[in-house]
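To start, the structure itself, in structure tokens.
Please treat every number below as a calculation from the coordinates, not as lab data. Computed from a predicted structure; not experimentally measured. As a convention, Cβ positions derive from the backbone with ideal geometry for all residues, glycine included, and neighbour counts pool all protein chains shown.
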Amino acid sequence: MTVTILIADDEPNQLELLSFNLEQAGFAVMKAMHGQDALQKIEDHSPDLVILDWMMPHMSGIELCRALRSRADTKLLPVIILSARGEEGDRTLGLDTGADDYMSKPFSPRELVSRVKALLRRSRPALMNDTLEFEDLQLFPSRMEVHRAGQMVQLGPKEFRLLSILIERPGQVFSRAQLLDLVWGHGVYVEERTVDVHLSRLRKAINKPDGRTEMPNLIRTVRGSGYALRAPH
């Protein structure tokens with residue numbers, strides 16, 4: 001599974017240097033020269049992680065980070081802020097704005113690659129691990145396969161994506177609106193009940209992998225809130 005990273009920086013040399021090092025590490029890279037361009041690319045392409053320079057024209061990295069954290073579809077998007085401002089107060093402001101990590105310039109591109117990998121392991125384990133497990137459920141992202149108690153589970157693309165989101169953060173409740181944005185994309189008109197339909201299919205598939213034997217329910221409906229992956233009572 002290829003991980004896509006968006007880098008937003010108005011310094012062309014810095015942008016090319018970081019892009020080269022991330023591509024050498026196996027990541028796909030998108031580039032933006034200012035904050036508005038970055039926001040449009042995030043809306044259109046849904047990258048897995050973004051790297052934002054603090055000082056950019058049209059919209060700064062800090063302003064863009066605030067905007068991302070205010071929206072349901074990008075609230076959990078991993079963000080690294082880059083800045084020539086190395087004072088403790090600047091770092092605190094960057095992190096308080098919602099950034100997951102903050103790097104002061106100058107820095108080693110190798111260190112940035114390491115920080116990217118560490119952040120993805122924490123925030124998007126499905127992208128970095130070959131296997132995600134919860135109870136007797138196993139999801140293999142690179143093979144697009146799911147097993148329950150050793151049996152193969154047949155899922156459609158939307159159901160697989162829904163399960164990937166839920167199994168990355170067991171116990172976390174996702175609203176229908178969040179799941180719509182994360183699975184179907186921001187700005188795509190789909191009725192919220194569509195989520196219920198696909199969650200019902202997903203629940204049926206993993207609760208009866210052989211089509212006959214009913215297994216304990218792992219997907220919980222949280223009344224008035226949404227859905228979560230939780231252990232059976």
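Annotation: lysines with alpha-carbon distance below 17 angstrom to LYS75 (same-chain offsets under eight excluded): LYS41. Rounded to the nearest 0.05, the FRET efficiency derived from the C-beta distance between ARG69 and MET152 at R0 = 35 Å is 0.35. Helix 35-45 against the longest principal axis of the chain: what's the angle in degrees, Cα atoms only, rounded to the nearest 10? Helix 35-45 sits roughly 20 degrees off the main axis of the chain. Note the angle between two axes, namely the Cα long axis of helix 109-123 and the longest principal axis of the Cα atoms of the chain, as a number of degrees from 0 to 90, rounded to the nearest 10. It works out to around 30 degrees. Sites count as exposed loop sites when they are GluC sites (Glu not before Pro), lie in a DSSP loop, and have at most 10 other Cβ atoms within 10 angstrom; the longest stretch of the chain without one is 88-190.
Computed extension length for VAL197-THR4: 66.6 nm, one decimal, from 0.36 nm per residue of separation with the Cα-Cα distance subtracted.
The alpha-carbon of LYS208 sits under 27 angstrom from the alpha-carbons of these lysines, leaving out residues fewer than 8 places away in its chain: LYS158.
Between helix 157-168 and the chain there is an angle of about 70 degrees, using the helix long axis and the longest principal axis of the Cα atoms.
Each part reduced to its alpha carbon centroid, region 207-228 and region 108-164 end up 20 Å apart. Quote the relative contact order of the chain in percent (integer), defining contacts as alpha-carbon pairs under 8 Å separated by 6+ residues. Value for the chain: 13 percent.
The stretch between ARG143 and LEU17, if pulled fully straight at 0.36 nm per residue, gains 42.2 nm over its current Cα-Cα span.
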